[in-house]
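Derivation of every value follows stated rules applied to the coordinates shown; laboratory data play no part. Remember, predicted model here, so these are calculated numbers, not experimental data. Counting neighbours? That spans all protein chains shown, and the Cβs are built from the backbone with ideal geometry, glycine included.
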Amino acid sequence: MEPGLLNLAGMQFRSRLFVGTGKYVRDGQPDYELMRAALDASGCEVVTVAVRRERLIDARGRSLLDFLDLKRYTILPNTAGCFNADDAIRAARLGRELLEGLSNPGAKWVKLEVLGDRKTLLPDPIETLRAAQTLLAEGFIVLAYSNDDPILAQRLKAAGCASVMPLGSPIGSGQGILNANNIRIILEQLKGDDPHFPVIVDAGVGTASDVAIAMELGADGVLLNTGIASARDPVRMARAMRAAIEAGYHAYHAGRIPRKLYATASSPTDGVIASSRG
């Protein structure tokens with residue numbers, strides 16, 4: 001049984017897995033065929049694309065967008081590599097211009113990513129909020145990448161973001177969900193008065209179990225890139241991530257049993273044959 005539909009920015013999606021397009025490399029060159037196969041195996045419907053020119057066009061003049069089925073995927077432009085609000089705003093505008101010309105439904109969307117420094121690649125909360133406010137005023141549908149900070153998450157939602165995307169751990173680190181308690185608090189606070197507000201865990205996923213944990217916490221989806229693209233077998237890992245999204249979703253909605261210090265027998269004790277020992 002597939003997970004229920006995800007409602008996001010006025011659209012509905014069957015898949016709750018969002019997949020990036022970077023880091024698919026073979027012999028030092030972008031491997032767009034491998035990227036396309038991994039996206040297909042993941043079952044995703046939303047694909048993120050960094051809109052800076054050097055990430056869209058490779059050394060042989062090939063455009064990444066030429067390898068994506070724009071009728072199948074909703075393209076989510078992201079502002080990856082931006083370290084201040086002004087650069088992120090310019091990148092978002094460029095993404096809108098590109099996709100409007102291609103008639104893709106993601107033209108007004110932006111995954112807003114404003115980083116604080118090049119070593120940690122952690123989000124800059126002040127610049128993120130400033131960029132979000134400007135882009136929202138310009139009519140963008142903003143999905144905001146953020147720290148696992150409940151206060152910032154509340155501010156971004158209040159500003160009008162269509163989704164808040166707290167990190168599981170630093171970008172590309174593969175450390176999984178480092179602060180599950182903060183994710184729980186964000187989910188509780190943002191969904192308290194709006195159960196359908198989408199919270200999508202973004203960044204740090206290393207393997208399928210990380211995806212399952214995020215979904216078991218109650219997240220509405222997971223966005224990842226490196227966990228698939230840098231795996232030894234990206235296509236096989238994409239299948240694993242797809243299965244993990246579904247498993248975590250169903251586990252959360254099924255309701256796990258409470259943790260207990262001592263054992264609880266799973267078989268009844270009535271009628272057990274008594275020991276003959278004294």
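If I model a spin label as a point 7 Å beyond the Cα along the Cα-Cβ vector, how far apart are those points for Thr207 and Gln12 in nm?
A separation of 3.6 nm, rounded to one decimal place.
What do you get for Rg/Rh over the chain if you use C-alpha atoms and the Kirkwood form of Rh?
Radius of gyration relative to Kirkwood radius: 1.06.
Using unit Cβ charges (K, R positive; D, E negative) and no other charged atoms, how large, in debye to the nearest 20, is the dipole of the range 1-139 about its Cα centre?
40 debye
List the residues, sorted by chain then number, that are 5 or more residues from Asn104 or on another chain and whose placed amide H is less than 5 Å from its amide H.
Under 5 Å from the amide H of Asn104: no residue qualifies.
Percentage of Cα-Cα pair distances in the range 44-200 greater than 27 Å, rounded to whole percent?
Roughly 23 percent, rounded to a whole number.
Can you list residues from other chains, or at least 5 along the same chain, whose modelled amide H is less than 5 Å from the amide H of Leu115?
So Leu115 has HN proximity to Cys82, Phe83, Asn84, Asp124.
Can you work out ³J(HN,Hα) from phi for every residue in the range 112-125, in order, using Karplus 6.51 cos²θ - 1.76 cosθ + 1.60 and θ = phi - 60°, giving whole Hz and x for Gly and Pro?
7, 9, 10, 8, x, 7, 7, 7, 8, 6, 6, x, 8, x
Given springs between every Cα pair under 10 Å in a Gaussian network model of the chain, which of Glu45, Glu188, Glu113 has the largest fluctuation?
Glu188
Can you compute 3J(HN,Hα) from phi for each residue in the range 133-140, using the Karplus curve 6.51 cos²θ - 1.76 cosθ + 1.60 with θ = phi - 60°, rounded to whole Hz and x for Gly and Pro?
4, 5, 5, 5, 5, 8, x, 6
How much mean residue ellipticity at 222 nm does the chain get from its helices, if each DSSP H run of length 4 or more adds -39500 (n - 2.57) and you divide by all residues, to the nearest 500 deg cm²/dmol?
That calculation yields -11000 deg cm²/dmol at 222 nm.
Any idea which of Ala231, Gly10, Asn182 is furthest toward the positive side of the dipole for the chain, if Lys and Arg beta-carbons carry +1 and Asp and Glu beta-carbons -1?
In the chain, that residue is Ala231.
Which log10 I(q)/I(0) values does the range 190-273 give at q = 0.17, 0.21 Å⁻¹ under the Debye formula, counting every alpha carbon as one identical point scatterer?
Result of the Debye calculation: -0.76, -0.96.
Say each of Asp66 and Ala158 gets a label point 7 Å from the Cα, pointing the same way as Cα to Cβ; how far apart are those two points in nm?
With each label placed 7 Å out from Cα toward Cβ, I get 4.8 nm.
Can you give me the long-range amide H partners of Val49? Hydrogens built in the peptide plane at 1.01 Å from N, cutoff under 5 Å, separation of 5 or more residues or another chain.
Residues meeting the amide H criterion: Leu76, Asn78.
How much length would be gained if the chain were fully extended between Asn84 and Val235, taking 0.36 nm per residue of separation minus their Cα-Cα distance, in nm to one decimal?
Net length gain for the segment: 50.9 nm.
How large is the charge dipole for the range 6-254, taken about the Cα centre, if only the Cβ atoms of Lys, Arg (+1) and Asp, Glu (-1) carry charge, to the nearest 20 debye?
400 debye
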